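Asks: Pasting a structure below so you can have a look.
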Amino acid sequence: MSALYTILLLLASNIFMTLAWYGHLKLQNVGFFSNTTPLIFIILLSWGIAFFEYCLQVPANRIGFEGNGGPFTLMQLKVIQEVITLVVFVAFSAIAFQMPLRWNHAVACLLLIGAVYFVFGFK
């Protein structure tokens, strides 16, 4: 069960982080604020969103780490997190910015699957 909790927490945390890093660009596109809005406001807004990312990321790593009784090595946790980050980003960019997915994105996805295989396949 800790593997599932870890992955769900990482998924939720990466949704918050993607919103913190890139959400302000979409908000600007829809007129929530302009490109003349002070950068400090954008930074503080992003930090406020990122706070929730950390509230989920830290427990995910603690629950999932084998040193705390979880099922994953540190390297496995990092690869899982990176794959989730890229999946969330691809979904966000496709939905929020209508960015088309191309063949090179599919190749990158296959390489990520290869990374997961190599990290989990050999101990």
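The values are calculated or read from the model by the stated rules, or taken from the named source; none is laboratory data. Model, not experiment: these values are computed from the prediction. All Cβ positions, even for glycine, are placed from backbone atoms using ideal geometry, and neighbour counts span all protein chains on display.
Asks: Quick check on this structure: which one of 51, 97, 89 is under 19 Å from the mean Cα position of the chain (by Cα), of a type in the set (Phe, Trp, Tyr) and over 20 Å from residue 12 (Cβ atoms)?
Replies: Among 51, 97, 89, only 97 is under 19 Å from the mean Cα position of the chain (by Cα), of a type in the set (Phe, Trp, Tyr) and over 20 Å from residue 12 (Cβ atoms).
Asks: Run down 45, 9 and say which single residue is touching a Leu at 6+ places or on another chain (Cβ under 9 Å), in contact (Cβ under 8 Å) with a residue 40 or more places away in the chain and not small (Gly, Ala, Ser).
Replies: None of the other options fit; the residue is 9.
Asks: Regarding residue 44, is this residue surrounded by fewer than 16 Cβ atoms within 10 Å (Cβ to Cβ) and more than 14 Å from the chain's Cα centre (by Cα)?
Replies: Judged against the criteria, residue 44 is a match.
Asks: Right, next: Could you tell me whether residue 57 is among the polar types (S, T, N, Q), part of a helix (DSSP H, G or I) and either touching a residue at least 24 places away in the same chain (Cβ under 8 Å) or closer than 30 Å to residue 1 by Cα (or both)?
Replies: So residue 57 fits the description; yes.
Asks: Still on this structure, I have one more. Give the stretch 2-48 a look and list any residue that's in contact with a Gly (Cβ under 6 Å, 6 or more places away or on another chain) and of a type in the set (Val, Ile, Thr), or say none.
Replies: Of everything in the stretch 2-48, just one residue is in contact with a Gly (Cβ under 6 Å, 6 or more places away or on another chain) and of a type in the set (Val, Ile, Thr), namely 6.
Asks: I'd like to verify a number: residues in the stretch 59-88 that are exposed (fewer than 15 other Cβ atoms within 10 Å of the Cβ), modelled with pLDDT of 95 or more and among the hydrophobic types (A, V, I, L, M, F, W, C), how many?
Replies: Looking only at that region, the number is 0.
Asks: Restricting to the stretch 62-77, count the residues that are touching a Leu at 6+ places or on another chain (Cβ under 9 Å) and touching a residue at least 24 places away in the same chain (Cβ under 8 Å).
Replies: The number of residues fulfilling the criteria is 4.
Asks: Same structure again: What number of residues in the stretch 1-53 are of a type in the set (A, V, I, L, M), in a loop (DSSP other than H, G, I, E, B) and over 23 Å from residue 94 (Cα atoms)?
Replies: Of the residues in that region, 1 qualify.
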